[in-house]
Every structure is written in C-alpha cells, then in structure tokens.
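A.B. asks: Quick one: structure below, then a few questions.
Every number in this text was worked out from the coordinates using simple rules, so none of it is lab data. Fair warning: this is a prediction, and the values are worked out from it, not measured in the lab. Cβ placement follows ideal geometry from the backbone for every residue including glycine, while neighbour counts extend to all protein chains displayed.
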Amino acid sequence: MLNEPDSFSDMFRSGIPYILLIALPALICCSPVMASEFEVMSMSKFDVNGQHFGSRVSSISLEARSLYSWNTSRHCVLTRLINLSVNDFDKIRQGAGGLIVMLPRNILELDVEVKEHITILEQEMLAHTGTVPIYFAPFNINLETIIDDITHTTFKAFSQNQTSVAQLITSVSANGYHATVGGSSNVANKNSKIPIIYGELAPNQLLLKPNENPVDGQKLPVILITATLKTFGVFNEYPVNSDVTVLLALVEMLSKLHSTTKMAPNYRLLFLISDTGLLLNFQGSKKWLEIDDNSALQNVEFVLCLDTIIESISSNPDMAIYMHVSKPPKEKTSISHFFKLLKSSAEKFAYNITVEGVHKKINLADTKLAWEHERFSIKRYPSFTLSSLKSHRSPSRTTIFKDDETRILEHTLKASRIIAEALASFLYKMEPTSSIFDGQFAIKEENILPYFGIKSVLHNNDVKDAFEKYLNNVKIIYDKADSRDPDFMFYNENDVKLNVYRVKPAIFDIFLTILIGFYLLIVFLGIQYFPLFYNIVSKLTRDETSQQTNGHYTERLKYK
C-alpha cells in the first residue's frame, strides 16, 4: 500500500507528463490566430541629383501598434491616412520600426480641411528620406476593424476613469496584432530611363506659293508646347494627367486646322511629352535640350509649358489660369501678346475663369527648379508655364488623389478651349473675338476622354499612336541614368502582401510567465510531497470511515 504513492510520483518524474502539463497550456495561450492578408503598396523610392527619397528597407515583422501607443523601434504603426499628421510622420520615420497607412474609402466624402491635410502630408512624405519601411493599403473593412481594435484598446487601457488594476487587467486581456511584410532591401535599377517623345506639326506644303521652296518652311518661327506625365506620386499610382490630355487635344484640333487649305499658319509647332516632371526635376526637358539636332529652337517664338492645368483634388469650384514667367514680358513681345489673347479667350468662352500673370525669378542656387519653363529660360529661350496653381509650392502638384471626375472633365474641356482659341488667334493673326473651335472643330468629351488613362509615354503606345497620327518627324529618345554619377535613379520593387496575425500583447507574456511559474511551483511541490499528502489523505479517509462505522453500530445497539 505504501508503494503506490512512490510509483505514482515516479510517473511524474519520468518527464513526459511533466512536459505536457507545461507545454500544452502555454502553446494554447500563445499560438497566434490565422493571419489576415492585405494588398499594400510601397512608398516610392527614387534618387534625384544625389538626394535619396523614400525608404530602402522593405521587410517588416513587428508588433502592430496604433498611432497613439507606439514608443519603440520594435513597433509598426498601423493607422489611417486621415489621422496621420506631419508631426506624427516625422516622429515615426525617425523612431518606429515601420509604418502602414490605410487610404480613405472615398475622397469625395472628405471635407475641405481633410483634403488639404492629405495633400500637405503627401508633399512632406515626398520631401524626406524614410529610414523605416512605409506601405500604403487600399481601404479594407477588415483592416479598418484591426485599426479600430488597437486604437480602442489603447484608449481603454489608459482611460482616466479606470484604476491601475483595471488598466492592468485591460492590457493583459486585450488582443494584440503582429504585422509582417516580406521582401528584401530594394536594389537600384541600373537601367533606369525616362522616355521622351516629340513631333512636329509643319505647315501644309500645298499652300506654298509657286515661287516658294518647301525647305523655307523649316525657317519659320517655332512654338514649342510641352507637358509631363505624372507617372508616380507618394506611391506608384498615377493621377488624372490633364496636362498631357490638353496637349494631345491641342495636337488633334490644330492638326485638323492645318489640314484645311485655308488655315495654314506661318509657324512650326513642336510638341514634347516626357515621363515624370517636378519629382525628377524635369529631367526629360533637360535631356531634350542637350540633343544634337535641337536646332529648331534657334528661331523659337516662345515655349508654352503645361503644369497642373487642372487640380486633381480641389475645394474650389471655380477655375483660374496663371501664366508663370521668370522675367516679366515686355510690351509687343510674343508672350505679352499671347497673354492678352488668353485673357480675352477666357472672358469670352468660359464663366468665372480668371487669367493672371505670376513672376518668379530663377533661383540658380537651388538644384531643384520650380517650373519646367525655367529649363528653357536658363538657355535664354522665351518661355512660360500655364497652371491652375498660383504658387509652385502648392501641394496639389504632387498629389495622386482625385476627387470629382465630373469637375475635372469639365475644367479640362474649358482649359483646352481657352488655350486652343488663344493659340489659334496667335497663329492665324485673328481677332480674339472670333470663334475658331466651333462646329466640326469643336473640342468635345470624346476628344479628351481617351487620353485621361495614359500612364506613360510607352504605355500601350497611346501617345506614340496619337503623335504619329497627327504629327510629322515623331521621335522617341531616352534619358538614361549614368552608371557613375546618375542624375536620377529608380529602384526595383516587388509585389508584397501584408499579413496581420492576432496575438496577445507583450504584457500578456509577462503575466503568462508568472502564471506558469506558479503552476510549475505547485506541480513541483505536488510531486515532491505527494507521499506525505497521500498519507494524510489516507489517514483522514480511514478515520472518517471508522467513525462512521462505529457510529452506525452504536445506534443499532441502542435500537435493539
């Protein structure tokens, strides 16, 4: 009988049940819930003139915290774009381990202040080098729930109405999340290049007089019209490229006028489009100015640049056009004459559209130019930029968001008509009160809608096909990054996924460790003193049985 407790204690000392008693509860409590997978986009990474923009790190495997509870580099901040401030971003990029931002569901639903906040935040992100991986996630209801959960837990844990014990219990019982994004560090793309396309709309040779030589057409004054495609912003997404849309609409409409036997101007028109613009310091224009056969600009009348002619995200229902110049044009010059025609055209063909001139000197000490026309002004070509923005510092220039597409389409039609009428009046020496783009030459939605979805000069050959259809001498060149001292550089990026696991917070591990310690202590004491415990229980059991038996026997005797 005495050997039974010893054999029972030996069974615990054998190790297998002991391990099971420890491991099973720990594994059950600590095992994470199956991950939720989300689409994410990495923040844009590029170099310009030796300056680095965007983070070169891409891997994340950290505890997800809210915007209000992170405090170390072991935390990945998970938040909404509308909740992130510029100060928060500066702190996170310097001290956190990662940042994941969920985009709004619909920009149209946001108020004016929030839209302005988003554009300012975009500009701030693009202006700094990130030391931590930064990702953007499209709106997802499940990700919204996770953000709400970690934010609610933070506010609940630090509520002033709770005692310290209640806060501790809330922290221990709360659910935590672990964010994981795979991938290695991004590598520079040594084959980085910027495509540039240009073509010429020459006068109709059928209208030359019998004594004129066709070569004389090459000696005509030149008007160059340029625009840049916004191929990326804070992440690799494209907005509505209204600048290129207006340029291609001008190409189509002016080509129709040139094909009419009575409408041949005494000018040569050149059209130039390049990928990227402000973010890469107008590298396309710089490259084009450096090519050898650029003799066309020796007789240039002026260079017209289009830059954010329509705001993609705006709180102002009205529209304005500003002519930005590096030097105020003198009276009776071509630019001064065109400016007057532009104002007259706006007054006649559009309602509540103002045209103003803005003068800004070129800051030669700054390596980054404010407007594209400054590239040409440095080379002493008369040039200007038409924009819907009064300041070159406006955050709307770099935004990739768009709100009301109906408004954008309407304003694009108006801008195309105003610029086309002013340009035609200048080319054909007509009065500004005349209407040229009416009837068969009217600019309609079907003329501009096909161009809104253009993503790049090379995308589906849309730009190339349009140029070759309406222009002559179409050429595509490339500005390639120098292998030794590149002016710009792109980085290879892979498609990645965000996985969010539901786990317990770090404080739960401490709490669980304490519980396991007590549990092991009880088990250890139970094993070591099991014989004594068994003897005590046995004696108590025998004594109670004996007393009960004796008591029943005495009662039976009394009864008899």
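A.B. asks: Could you list the trypsin sites (Lys or Arg not before Pro) in the stretch 442-525 that lie in coil according to DSSP, counting only those with at most 15 other Cβ atoms within 10 Å of their Cβ? Could you put the intermediate results ahead of the total?
C.D. replies: Working: sites: Lys444, Lys455, Lys464, Lys469, Lys475, Lys480, Arg484, Lys497, Arg502; in loops: Lys444, Lys455, Arg484.
Answer in residue order: Lys444, Arg484.
A.B. asks: Using the Cα gyration tensor of the stretch 334-391, with a ≥ b ≥ c the square roots of its eigenvalues, what is the shape: rounded (a/c below 1.5), prolate (a/b larger than b/c) or oblate (neither)? Could you put the intermediate results ahead of the total?
C.D. replies: Values: a/c = 3.51, a/b = 1.94, b/c = 1.81.
Since a/c reaches 1.5 and a/b is larger than b/c, the shape of the stretch 334-391 is classed as prolate.
A.B. asks: Sticking with this one: DSSP beta bridges in the stretch 194-480, what fraction antiparallel, as a percent rounded to 5? Don't jump to the answer; show the numbers that get you there.
C.D. replies: Details: 15 of 40 bridges.
The antiparallel fraction comes to roughly 40 percent.
A.B. asks: So, one more: Looking at the square roots a ≥ b ≥ c of the eigenvalues of the Cα gyration tensor of the stretch 365-447, which shape do they give, rounded for a/c under 1.5, prolate if a/b is larger than b/c, or oblate? Walk me through the numbers before you get to the answer.
C.D. replies: Numbers: a/c = 3.29, a/b = 1.29, b/c = 2.55.
Judged from the Cα gyration tensor, the stretch 365-447 comes out oblate (a/c at least 1.5, b/c at or above a/b).
A.B. asks: Using a Förster radius of 35 Å, what is the FRET efficiency between Ile477 and Arg393 based on their Cβ-Cβ separation? Nearest 0.05, please. Could you put the intermediate results ahead of the total?
C.D. replies: Numbers: r = 31 Å, r/R0 = 0.89.
About 0.70, to the nearest 0.05.
A.B. asks: Additional query: Filter Lys348/Lys429; Lys193/Lys256; Lys332/Lys379 down to the pairs with a C-alpha to C-alpha distance above 29 Å, please. Write out the running numbers ahead of the final one.
C.D. replies: Working: Lys348/Lys429 18 Å; Lys193/Lys256 34 Å; Lys332/Lys379 22 Å.
The answer is Lys193/Lys256.
A.B. asks: Compute the Cα gyration tensor for the stretch 435-542, then decide on rounded, prolate or oblate, letting a ≥ b ≥ c be the square roots of its eigenvalues: rounded whenever a/c is under 1.5, prolate when a/b is larger than b/c in the other cases, and oblate in all that remain.
C.D. replies: Numbers: a/c = 7.75, a/b = 3.69, b/c = 2.10.
In terms of gyration-tensor shape, prolate.
A.B. asks: Between Lys332 and Lys256, what is the spin-label point distance in nm, taking each point 7 Å from the Cα along the Cα→C-beta axis?
C.D. replies: 3.7
A.B. asks: Rounded to the nearest 0.05, what FRET efficiency is calculated for Glu290 and Thr513 with R0 set to 51 Å and r the Cβ-Cβ distance? Write out the running numbers ahead of the final one.
C.D. replies: Values: r = 67 Å, r/R0 = 1.31.
For R0 = 51 Å, the calculated efficiency reads 0.15.
A.B. asks: Just need the relative contact order of the stretch 194-480 here, percent rounded to a whole number, with Cα pairs under 8 Å and 6+ apart.
C.D. replies: That works out to 31 percent.
A.B. asks: Take each of the peptides 392-403, 305-316, average the number of other beta-carbon atoms within 10 Å over its residues, and list them starting from the highest.
C.D. replies: Numbers: 392-403: 19.4, 305-316: 22.6.
Averaged packing, sorted descending, gives the order 305-316, 392-403.
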